[in-house]
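This report concerns only the one structure given below.
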Amino acid sequence: YVALVDRPASVQSVLQVAYPVELGVGDPDVIKTRVMNQILGGSFSARMNQNLREKHGYTYGARTQLSSDAIIGNFNASTSVRNEVTDSALFEMISELKRITEEPVSNDELVSAKAYIAGAFGRSLESPQTIASFAVNTARYNLPKDYYSSYLQRLDAVTLADVQAVSKKYIRPDH
């Protein structure tokens with residue numbers, strides 16, 4: 001489904017590629033998809049932003065998000081661009097979605113993504129609210145008692161093959 005709204009007075013186009021994914025909270029793929037998304041569009045240095053902002057100068061920022069949920073998860077790639085580059089920017093977004101599914105990520109990308117996620121996880125532990133939400137999530141979603149205490153070990157175990165597999169499973173550039 002494609003929605004196009006022509007607004008002649010607008011100076012920017014908002015681009016979003018979004019769809020539901022079957023990814024439950026606590027699913028074994030959650031950490032793997034987190035790593036894959038970090039490489040694809042989870043930060044300033046990620047592929048999507050580097051392509052649309054740094055290489056082409058189309059936007060101030062482009063991001064992706066892949067979220068799990070108890071009912072249905074979702075994928076979202078988004079950016080805002082100058083009107084005159086709307087088609088080119090959308091082409092590059094779709095190209096990055098295809099690239100992550102077709103080309104293996106590099107070991108440097110994998111190591112960097114895992115380090116970023118581990119650092120964010122460690123910083124999050126400084127907040128009492130995070131610790132409380134871990135306890136609530138463990139009970140609410142019936143997660144294993146060691147779900148959060150073993151998070152970093154499971155993160156460290158993510159391989160290049162895992163990233164490629166979840167890319168093919170959850171990223172759908174043709175949809």
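The values are calculated or read from the model by the stated rules, or taken from the named source; none is laboratory data. What you are looking at is a predicted structure, and each value in this text was computed from that prediction instead of being measured. A quick note on method: Cβ atoms are made from the backbone with ideal geometry, for glycine too, and the neighbour counts reach across all protein chains shown. Just the protein is used for accessible areas: all its heavy atoms, side chains included, with ligands, DNA and RNA removed. Shrake-Rupley method; radii C 1.70, N 1.55, O 1.52, S 1.80 Å.
Okay, here's what the table says:
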item	result
Flag for THR64 being open to solvent by less than 70 Å² (accessible area, probe 1.4 Å), polar (S, T, N, Q) and assigned to a helix (DSSP H, G or I)	no
Condition met for VAL158 (outside any helix (DSSP H, G or I) and either within 15 Å of GLN38 (Cα to Cα) or modelled with pLDDT under 95 (or both))	yes
Evaluation of TYR147 against (1) assigned to a helix (DSSP H, G or I); (2) open to solvent by less than 80 Å² (accessible area, probe 1.4 Å) (one fails), failing number	(1)
Top-ranked residue in segment 107-143 [being touching a residue at least 24 places away in the same chain (Cβ under 8 Å) and among the hydroxyl-bearing types (Ser, Thr, Tyr); ranked as surrounded by the fewest Cβ atoms within 10 Å (Cβ to Cβ)]	TYR141
The lone exception for PHE75 - which of (1) farther than 15 Å from GLY42 by Cα; (2) outside any loop (DSSP other than H, G, I, E, B) it fails	(1)
Residues of segment 161-175 classified as without any contact (Cβ under 8 Å) to a residue 40 or more places away in the chain and assigned to a loop (DSSP other than H, G, I, E, B), total	1
Residue, surrounded by the most Cβ atoms within 10 Å (Cβ to Cβ), within segment 22-54, restricted to residues that are without any contact (Cβ under 8 Å) to a residue 24 or more places away in the chain and assigned to a helix (DSSP H, G or I)	ASN49
